[in-house]
Amino acid sequence: MSASRTVICLLRNDLRLHDNEVFHWAQRNADHIIPLYCFDPRHYQGTYHFNFPKTGPFRLRFLLDSVKDLRATLRKRGSTLLVRQGKPEDVVSDLIQQLGSVTAVAFHEEVASEEKTVEKKLKAICCQNKVKVQTFWGSTLYHRADLPFSHIGGLPDVYTQFRKVVEGQGRVRPVLSTPEQVKSLPLGLEEGTIPTFEGLGQTGTLIYITVWLYSAGIGNDPRENRKFNMIKQGLDYDNNVSSSFYKSLTVIALVTIKPRELALTGFMSNRGRQNVASFLTKDLCLDWRLGAEWFEYLLVDHDVCSNYGNWLYSAGIGNDPRENRKFNMIKQGLDYDNNGDYVRQWVPELRGIKGGDVHMPWTLSNSALSHAQVSLNETYPSPVIIAPEWSRHVNNKSEGRAHLTHQDNKDRGIDFYFSKNKSF
């Protein structure tokens, strides 16, 4: 009788049974399957440059819920999710030594440097123990092997070109079926305890957010070619850390209300992300990595390729075909929140200001501010910077989205960017 075959299914950013090629392959190539998730301590340390908590409270809540949900799903199908706290390479090595029956380790590939480093270590451990490594690609709508380019170097740098080619020639692979039963774990394995929110250090992270909100004075469509572009271009860092991130985040909060929504909910719209990135990099001339790490910390839907790719793009050192693109903050406010309702929802200090004036309270007379119960630098800060192009729209508060024609809607955003030689 041949020895039983055990496959470790290492899960990372793919906590699902549905349409998961790792499970699909293991079901056909194993007698026992070990679905494994590791709470990697490196994910709860500080970010590389500015030492923000790497995983914020919103994403951790979502992660814990996802782990619990997958464990419940697997239990209904005759299995369970093995949970460990530790580095995946160490946990996998221990399981291989403990069981003596592991024939393969299967996982989805990632593309960023930290994830690739883990994969390299996993492959080395498996090689030493004569265990097969089976990898899959599963994090994009289009499989990379199906892209209509002969090699990764042929991938267009500009998204529009990428989209046109892929939409015309690419194909989406069919969804894989969900197994009714999942092959059981080997005997003797404990499934492990799912850590608590507090156990992973997130009580301190919540205090961190609270301190920042008060110190800042505000206490009261990801595009998957970003992932393919990271494969093509790579990403490296200079180890020089810029000025105080507290000061930088305060500066952002003085001009845009988006940081407040992000800090309190873990959500920021694509439009908001573009505005914040443009303001931080083009108006304040701050290090784009500050914003990228801050988003990594707080976004519930953080994806390293989308986030860092978009910040590179906004900073003008990514794959933007237009030179020196810059968003006009006043025009953006009038286009997308013409009546100011969104601002008043998140900035109650300005609720007394009616209409589009709420986007530019510093332009109001003292009597108007007094009537609205707003006192600049007391109840609400004055802007630390006023970009020259904002003046084009100060007296045009009725020009926003609600009043745009069809053609205007098509052209919305023309005022976002300008050449270095254009005057205001």
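The values are calculated or read from the model by the stated rules, or taken from the named source; none is laboratory data. Being a predicted model, the structure only gives us computed values, none of them experimental. Heads up, the Cβs are rebuilt from the backbone with ideal geometry, glycines too, and the neighbour counts pull from every protein chain shown.
Residue under question is Asp335, and the condition is that it be at pLDDT 90 or above, under 26 Å from the mean Cα position of the chain (by Cα) and among the charged types (D, E, K, R); does it hold?
The answer is yes for Asp335.
Out of everything in the range 111-160 that is touching a strand residue (DSSP E or B) at 6+ places or on another chain (Cβ under 6 Å) and part of a loop (DSSP other than H, G, I, E, B), what residue ends up being farthest from Asn310 (Cα to Cα)?
That would be Val131.
Within 24 Å of the chain's Cα centre (by Cα), within 18 Å of Val276 (Cα to Cα) and at pLDDT below 90: which single residue out of Trp294, Trp346, Trp288 fits that description?
The match here is Trp346.
From Ser382, Ser370, Ser398, grab the single residue that is modelled with pLDDT of 85 or more and either hydroxyl-bearing (Ser, Thr, Tyr) or farther than 19 Å from Tyr336 by Cα (or both).
Checking each option against the conditions leaves just Ser370.
Just to confirm my filter: which helices (runs of 4 or more DSSP H) fall fully inside the range 265-384 and include at least 1 residues that are within 26 Å of Asn395 (Cα to Cα) and touching a Ser or Thr at 6+ places or on another chain (Cβ under 6 Å)?
In the range 265-384, the matching helices (runs of 4 or more DSSP H) lie at 270-278.
Out of all the residues in the range 263-279, is one or more touching a Phe, Trp or Tyr at 6+ places or on another chain (Cβ under 9 Å), within 29 Å of Leu376 (Cα to Cα) and of a type in the set (Lys, Arg)?
Within the range 263-279 (the criterion being touching a Phe, Trp or Tyr at 6+ places or on another chain (Cβ under 9 Å), within 29 Å of Leu376 (Cα to Cα) and of a type in the set (Lys, Arg)), the answer is yes, since at least one residue qualifies.
For His151, which of the numbered conditions (1) over 26 Å from the mean Cα position of the chain (by Cα); (2) within 25 Å of Ala26 (Cα to Cα) fails to hold?
It is condition (2) that His151 fails.
Against the definition (closer than 18 Å to Glu191 by Cβ and under 22 Å from the mean Cα position of the chain (by Cα)), how does Phe23 come out, yes or no?
Judged against the criteria, Phe23 is not a match.
Taking the condition buried (at least 16 other Cβ atoms within 10 Å of the Cβ) and at negative phi, does Gln169 pass?
So Gln169 fails the test.
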